[in-house]
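J.: One structure, pasted below without further comment.
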Amino acid sequence: MASRWLRLMVGGTVATVMALGAVTVAAARDLVVALKTEPSSMDPQYHALTPNTQISQTLFDPLVRADAKLQPIPALAESWTNEGNVWTFKLRPNVKFSDGSPFTAEDVVFSYDRIPKVPNSPSPFTLYLGSVAKTEAVDPLTLRITTKSPAPNLLINLAQLPILSKTAASGPAPEGKTTTELNSGNGLAGTGPYKFSSWKRGAELVFERNEHYWGEPPAWDKVIYRPMSNAAGRVAALLAGDVDMIEDPPTDDLANLKKNNKLYIEETPSVRVMYVAMDQHAEPTPGIPGLQKNPLKDKRVREALSLAINREAIVDRVMGGVAKPAGNMLPYPMFGASKEHAEAPKADIEKAKALLKEAGYPYGFSITLGAPSGRYVNDSKVAQAVASMWSRIGVKTSVEALAPSVFFKKRDGYEFSAYLAGWSVTSGEMLNPLASLLMTRNPEAGEGTTNRGRYSNPEMDKLAREAAGTMDNDKRAALLQQASNMAMDDFALLPLHFELSVWAMKDDIRYEGRPDQTTLVQYATLKK
């Protein structure tokens, strides 16, 4: 498994069906997919969360898309040039939205302008527009983007931004069609391979082929998504033939599933880091009863909590080996990850207890650890393991494991002193997790968009901003390494492990897994 991880991180061969024309069209065949997490919205700009983005990327196209190695390739933009802070994109001609209306540069301008106007976004897409100063339609098939400074990550960031139809998605609200309207299908016109048909929350989401799609038709006439948060239930549905493909079968079942000649199992190393975030802002903090002072603002306490965690034991005993212990937010040697934190820290119970005593908590304290149940692989089990390990050093920990939608609502309301979550590094370099998880929270500037621990380090912010405007790869990598080392040395959050992504499907279906863990049905094919 380690060798597979290394091959991916250094750019080794990973099969992909991203190229146009790599699908085989099947007549009158539907695909039924069991999702581990239902999307929270159909609005493609509401919530930067994998269950949402993988759905929106099936209905909508970005200017450029990320291939299986997370590198930008043409999509709605056929080509682009860059001169200093000015990028010029030549758009693909004769593209239509699913309602038959033509796609032009005005749709791109509308889509990017809408992003900061979407209210109450839990993880806003402004993260991907932080470097953009101005977007202009030069003519119907030419777009000009001016950045605030040199922007080395502009292309891969634009890959996260689906393009809506200005005509269909305009409306009287500041953002045009509201999230509620889009959830009903009103204004939900995209240029992707599928179009919206219906959504019954908690039951099924149905897409049909987009007859106006500009690329090769996908293999399936209709795609039916069924949310099934219970992993055992997903397996049972697959074995019964009720679904064709499932996300994340239980790690305990993998060995038996691989022996089943009626199934095909796909395993792919991912860039999703599982981590524990800690409240470093509130005084007192809500999940630690009896203390007016927030102990998590003390670096010694955060280090003690990190030292209490046996990451290798979690990978072996909880994850069944289907993960890799993490010492940073991105696996080394990926871009911007430093060798200094390439290895996960070793557990040291005695040192952890000594640090707590030094910080003024010789008898520890009580804390509640928030976690989703069913969003990530074995998420609630991992949280229970962390709780047990913290309790051994005197930090008596209870776990509040909740349905993902409830968890994220409470997390975004700052109701946890500590919580377990995951982040998929969509850009393939360190700037992405720094900007989203650790920069001082300023969503309007695309900084700290998912920093719900409210960690703040102006010196680290300065390094990350400098890296964001540095085109020289060696200099940018050095700045990112310095910034991430600063955060890890400060125990700003606690990386636990990197997930291994797994899909199980009927034997006549093939899906090449992606490191960003997205299930993109347009690339699922019939076995040749």
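J.: Which stretch or stretches of the range 91-135 have amide N atoms under 20 Å from the point lying 7 Å from Thr167's Cα along the Cα→Cβ direction?
T.: 91-114
J.: Hey, another quick one. Suppose the chain between Val406 and Asp253 were pulled fully straight at 0.36 nm per residue; how much longer would it get relative to their current alpha carbon spacing? Intermediate values should be presented prior to the final figure.
T.: Values: separation 153, 0.36 × 153 = 55.08 nm, distance 2.76 nm.
Stretched fully, the Val406-Asp253 segment lengthens by 52.3 nm.
J.: Roughly what angle does helix 105-114 make with the longest principal axis of the chain, taking Cα atoms, 0 to 90 degrees, to the nearest 10?
T.: Long axis of 105-114 versus the principal axis of the chain: about 30 degrees.
J.: Which whole-number percent gives the relative contact order of the chain, counting Cα pairs below 8 Å spaced six or more residues apart?
T.: On the way: 1208 pairs, mean separation 107.4, N = 528.
Dividing the mean separation by the residue count of the chain yields 20 percent.
J.: Rounded to the nearest 500, what is the chain's calculated 222 nm mean residue ellipticity when only DSSP H runs of at least 4 contribute -39500 (n - 2.57) each, over all residues? Intermediate results must be reported in sequence, preceding the final value.
T.: Working: 14 runs with 126 residues, N = 528.
Helix-only estimate at 222 nm: -6500 deg cm²/dmol.
J.: Right, something else. Please determine, in degrees from 0 to 90 and to the nearest 10, the orientation of helix 349-358 with respect to the longest principal axis defined by the Cα atoms of the chain, where the helix direction is its Cα long axis.
T.: Computed tilt is about 70 degrees.
J.: Still on this structure, please answer the following. 7 Å from Cα along Cα→Cβ at both Thr88 and Ser391: what's the point-to-point distance in nm?
T.: Placing both labels 7 Å along Cα→Cβ, they lie 6.5 nm apart.
J.: Turning to a different aspect of this structure: So if I restrict to the alpha-carbon atoms in the range 331-452, what is the Rg, and what is Dmax, the biggest pairwise distance, in Å?
T.: 16.4, 43
J.: Asp43: accessible area at probe 1.4 Å, nearest 10 Å²?
T.: Asp43 has an accessible surface of roughly 0 Å² with all protein chains in place.
J.: Starting from the Cα gyration tensor of the range 108-180, take the square roots of the eigenvalues, sort them a ≥ b ≥ c, and report rounded, prolate or oblate (rounded when a/c is under 1.5, otherwise prolate if a/b is larger than b/c, else oblate). Let's see the in-between values first.
T.: Values: a/c = 2.17, a/b = 1.29, b/c = 1.69.
Oblate shape, in that a/c is at least 1.5 and b/c is the bigger or equal ratio.
J.: If you don't mind, another one. To the nearest 10 square angstrom, what accessible area does Trp199 show with a 1.4 Å probe?
T.: 40 Å²
J.: Charges only on Cβ, +1 for Lys and Arg, -1 for Asp and Glu: so what's the dipole of the chain about the Cα centre, in debye to the nearest 20?
T.: Values: 59 positive and 58 negative charges, 158 e Å.
I would put it at about 760 debye.
J.: Let me ask something else about it. Classify the range 400-524 from the C-alpha gyration tensor, please: rounded if a/c falls under 1.5, else prolate or oblate depending on whether a/b exceeds b/c. Write down the numbers at each step before the final one.
T.: Details: a/c = 2.31, a/b = 1.33, b/c = 1.74.
Since a/c reaches 1.5 but b/c is at least a/b, the shape of the range 400-524 is classed as oblate.
J.: Just the accessible area per residue of the chain, please: how many Å² with a 1.4 Å probe? Walk me through the intermediate numbers first.
T.: Values: 19900 Å² over 528 residues.
Ligands and nucleic acids excluded, the figure is 38 Å² per residue.
J.: Continuing with the same structure: What do you reckon, how do Met228, Met329, Met334 stack up by accessible area (1.4 Å probe), largest on top? Before the final figure, lay out the partial values.
T.: Values: Met228 50, Met329 0, Met334 25 Å².
Result, largest first: Met228, Met334, Met329.
J.: With each pseudo-label sitting 7 Å past Cα toward Cβ, what's the Asn120-Lys297 distance in nm, one decimal?
T.: Calculated label separation equals 3.0 nm.
J.: Could you tell me how many degrees, from 0 to 90 and to the nearest 10, lie between the Cα long axis of helix 50-59 and the main elongation axis, the longest principal axis, of the Cα atoms of the chain?
T.: With both axes taken from Cα atoms, the answer is about 10 degrees.
J.: Peptides 182-188, 303-309, 285-291: what's the order by average Cβ count within 10 Å, highest mean first? Write out the running numbers ahead of the final one.
T.: Numbers: 182-188: 18.9, 303-309: 24.9, 285-291: 16.4.
By packing density, highest mean first, the sequence is 303-309, 182-188, 285-291.
J.: Another question, if that's okay. From the protein chains alone at 1.4 Å, what is the descending order of accessible area for Glu429, Glu181, largest first? Mind showing how you got there, number by number?
T.: Numbers: Glu429 15, Glu181 60 Å².
Of Glu429, Glu181, the descending order of accessible area is Glu181, Glu429.
J.: In addition: So what's the range 97-138 giving for Rg/Rh, alpha carbon basis, Kirkwood Rh from the mean inverse pair distance? Before the final figure, lay out each step's value.
T.: Details: Rg = 12.3 Å, Rh = 11.9 Å.
My calculation puts Rg/Rh at 1.03.
J.: What does the C-alpha gyration tensor say about the overall shape of the range 64-120? Classify as rounded when a/c is under 1.5, otherwise prolate if a/b is larger than b/c, or oblate. List each step's numbers first, then the result.
T.: Working: a/c = 1.40, a/b = 1.15, b/c = 1.21.
It is rounded, given that a/c, with a ≥ b ≥ c, falls under 1.5.
J.: Another question, then. Could you estimate the translational diffusion coefficient of the chain from the Stokes-Einstein equation, with Rh from the Kirkwood formula over C-alpha pairs, at 37 °C and 0.692 mPa s, in whole µm²/s?
T.: Details: Rh = 23.6 Å.
Taking Rh from Cα pairs, D becomes 139 µm²/s.
J.: Using a 1.4 Å probe on the protein chains only, how many percent of the accessible area of the chain belongs to carbon and sulfur?
T.: Numbers: 9920 of 19900 Å².
Summing carbon and sulfur atoms, their accessible area is 50 percent of the total for the chain.
J.: Follow-up. Given the peptides 240-247, 117-124, 151-158, arrange them by the average over their residues of other C-beta atoms within 10 Å, most packed first. Write out the running numbers ahead of the final one.
T.: Details: 240-247: 18.6, 117-124: 17.1, 151-158: 23.1.
Per-residue Cβ counts within 10 Å, averaged per peptide and sorted highest first, yield 151-158, 240-247, 117-124.
The values are calculated or read from the model by the stated rules, or taken from the named source; none is laboratory data. Since we're looking at a predicted model, the values are computed, not measured. Virtual Cβ from ideal backbone geometry, glycine too; neighbours counted across all protein chains shown. Remember, those area values only see protein heavy atoms, side chains included, never the ligands or the DNA or RNA. Shrake-Rupley method; radii C 1.70, N 1.55, O 1.52, S 1.80 Å.
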